[in-house]
Amino acid sequence: MTIIVVDAWKYCEQEDADRFPFLEKETKSFGSYIDSCLMELRKHHDIVHCADGRPIMDEIDTSQDTVIRMISDINHPGPYFFCGFHLGRCIDRKIKELNKECYVIKNLCLLFPADGYERVDKNLNYCYYTHSKGLEKL
């Protein structure tokens with residue numbers, strides 16, 4: 001089982017940062033939350049970061065993990081559990097590109113500020129993560 005962290009970029013797109021002045025702070029805060037969960041997940045799962053070749057935020061430690069440029073570069077065993085930025089956009093796109101057994105860790109994903117849950121694909125497989133119970137499929 002492999003956890004894939006999507007687009008935890010060190011820098012937001014300038015046009016997005018201009019439109020949503022809180023975005024950089026929000027993503028970095030959420031990145032710290034993801035990192036705290038990854039510390040436990042690493043004990044039992046492979047962690048892969050896919051940021052399309054961009055630098056990854058300092059808030060997420062990648063030193064023990066695999067970093068790939070594109071989702072097609074993955075060579076870890078599935079099923080695949082996705083988290084990161086942004087549900088309804090990049091996460092969904094990478095799941096479609098991979099076209100394998102995939103799940104979305106809903107509480108480890110952030111929506112883009114302009115979006116609501118109506119944009120999220122209801123047909124994806126979802127789960128939640130807690131330290132006490134691990135990954136629980138919905």
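Charges at C-beta only: +1 for Lys and Arg, -1 for Asp and Glu. How large is the resulting dipole of the range 1-109 about its Cα centre, in Debye rounded to 20?
Value, rounded to 20: 280 debye.
Note down the nm distance, to one decimal, between modelled labels 7 Å out along Cα→Cβ at His45 and at Tyr33.
In this crude label model, His45 to Tyr33 measures out at 1.6 nm.
Sticking with the crude label model, points 7 Å out along Cα→Cβ, report the distance from Glu118 to Met70 in nm, one decimal please.
3.4 nm
Relative contact order, percent, of the range 2-137 when contacts are C-alpha pairs under 8 Å separated by at least 6 residues? If you can, show how the numbers build up before the last one.
Working: 223 pairs, mean separation 35.1, N = 136.
The value is 26 percent.
Within the range 7-43, which chymotrypsin sites (Phe, Trp or Tyr not before Pro) sit in a loop by DSSP and count at most 15 neighbouring Cβ atoms inside 10 Å?
On the way: sites: Trp9, Tyr11, Phe22, Phe30, Tyr33; in loops: Tyr11, Phe22.
Listed in order of number, the matching sites are Tyr11, Phe22.
Once every DSSP H run of n ≥ 4 in the chain is given -39500 (n - 2.57) and the sum is divided by its residues, what mean residue ellipticity at 222 nm do you get, rounded to the nearest 500 deg cm²/dmol? Mind dumping the intermediate values first?
Numbers: 3 runs with 34 residues, N = 138.
Computed ellipticity for the chain at 222 nm equals -7500 deg cm²/dmol.
Work out how much length Cys127 to Glu13 would gain on full extension: take 0.36 nm times their residue separation and subtract the Cα-Cα distance, in nm to one decimal. Mind dumping the intermediate values first?
Details: separation 114, 0.36 × 114 = 41.04 nm, distance 2.87 nm.
Full-extension gain reported as 38.2 nm.
What does the charge add up to near Gln64, with Lys and Arg as +1, Asp and Glu as -1, over the other residues with Cβ less than 14 Å from its Cβ? Walk me through the numbers on the way to the answer.
Values: positive: Arg42, Lys43; negative: Asp35, Glu40, Asp46, Asp61, Asp65.
With Lys, Arg at +1 and Asp, Glu at -1, the neighbours total -3.
Distance between the C-alpha centers of the range 108-125 and the range 1-58? Whole Å please.
Here the two parts' Cα centres lie 16 Å apart.
Give a residue-ordered list of calculated ³J(HN,Hα) values for the range 121-138 (Karplus: 6.51 cos²θ - 1.76 cosθ + 1.60, θ = phi - 60°; whole Hz; x for Gly, Pro).
Couplings: 5, 6, 8, 6, 8, 10, 8, 10, 10, 9, 4, 6, 10, x, 8, 10, 6, 8 Hz.
Mind listing the long-range amide H neighbours of His49? Cut-off is under 5 Å, sequence gap 5 or more, other chains count too, H placed in the peptide plane at 1.01 Å from N.
Val5, Thr66, Val67, Ile68
Per residue, how big is the convex hull of the chain when only Cα atoms are used? Give it in Å³. Working shown, then result.
On the way: hull volume 14.2 nm³, N = 138.
Measuring per residue, one finds 103 Å³ for the Cα hull of the chain.
Could you please report the charge total around His86, scoring K, R as +1 and D, E as -1 over all other residues with beta-carbon less than 12 angstrom from its beta-carbon?
Numbers: positive: Arg89, Arg93, Lys94, Arg119; negative: Asp7, Glu13, Asp16, Glu26, Asp92, Asp115.
With Lys, Arg at +1 and Asp, Glu at -1, the net is -2.
Here, each number is a calculation from the coordinates, and none is a lab measurement. The model shown is predicted, which means the values in this text are computed figures rather than measured ones. Positions of Cβ are backbone-derived with ideal geometry, glycine not excepted, and every protein chain shown enters the neighbour counts.
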